[in-house]
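**Q** So that we are looking at the same thing, I have put the structure below in structure tokens.
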Amino acid sequence: MIPTLLKRALPLVLALAASGAQAQQATMEERLRNQLRITTTQLQQAQNELAALKAGQPQAGAGNAGSAGNTDSASLKKELEATRAQLAAERGAREKLADAARQSQLQGQGVAEKAASQVAQFRGAYDELLRMARGIDAERQKLASEATTQKAALQRCETANAKLYAVGQDILRAYETVDLTTVMASRQPFAAQSRVRYEQIAQDYGDKLYEGRFDANAVPAAETQPAQSASTPTAAAPSSAPAQAQ
């Protein structure tokens, strides 16, 4: 009877273990715990039945029943020990996985911190390069503006030189065409009209020379206030004209 009960109990244990292995939501440790609990329960039931049979059977069959019961009990104990060993192995594997996960997390944190430090360094270098680029661009614009101003001043200087050259040529031609009679006539007391005319000519040449004078500092004022710059030579020219006339 005991072997029959044990044979009936073992398929039940195996069926429960198989059903526990197929459950997707239960973890391996929970399945092993359930299997261990079921096996322990079946072992206790078998031991209780064996004790009851020993107490109720005659002495002749007690030896055979006890031997069969001891064999089945030893088999169940071995299965129980195997289940416990499997559970311990599962726990060890889970602890190893947890340690590996912690190590991986620590390594990931180290890599992330190193990457963040490098990003900060690159960002600082980029900001410094951007600041230098902006400074260089501002300096370039300043130099371009100065070059434009100098180019405009050079053009004005060339224009003034051309005017002065033309005035000089006019003066040379005027002296080349003046003869001794004209000079003597201008020195006579009664030649007032001729003297006034030559003084006027000298005044005109003086004005032209003054207008052709180039002053780099006066260029911006000449651009912003053309009327004032145009009236300035007229006011300053009379002081130089008498000296040339004399």
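Where a number appears in this text, it was derived from the coordinates with a stated rule and is not lab data. Computed from a predicted structure; not experimentally measured. Backbone-built Cβ (ideal geometry, glycine too); neighbour counts: all protein chains shown.
**Q** First select every other residue whose beta carbon is under 11 angstrom from the beta carbon of T83; then total the charges, Lys and Arg +1, Asp and Glu -1.
**A** Taking every other residue near T83 into account, the sum is +3.
**Q** Still on this structure, please answer the following. Within a 10 angstrom radius of the beta carbon, how do T40, T148 rank from fewest other beta carbons to most?
**A** Fewest-to-most ranking of T40, T148: T148, T40.
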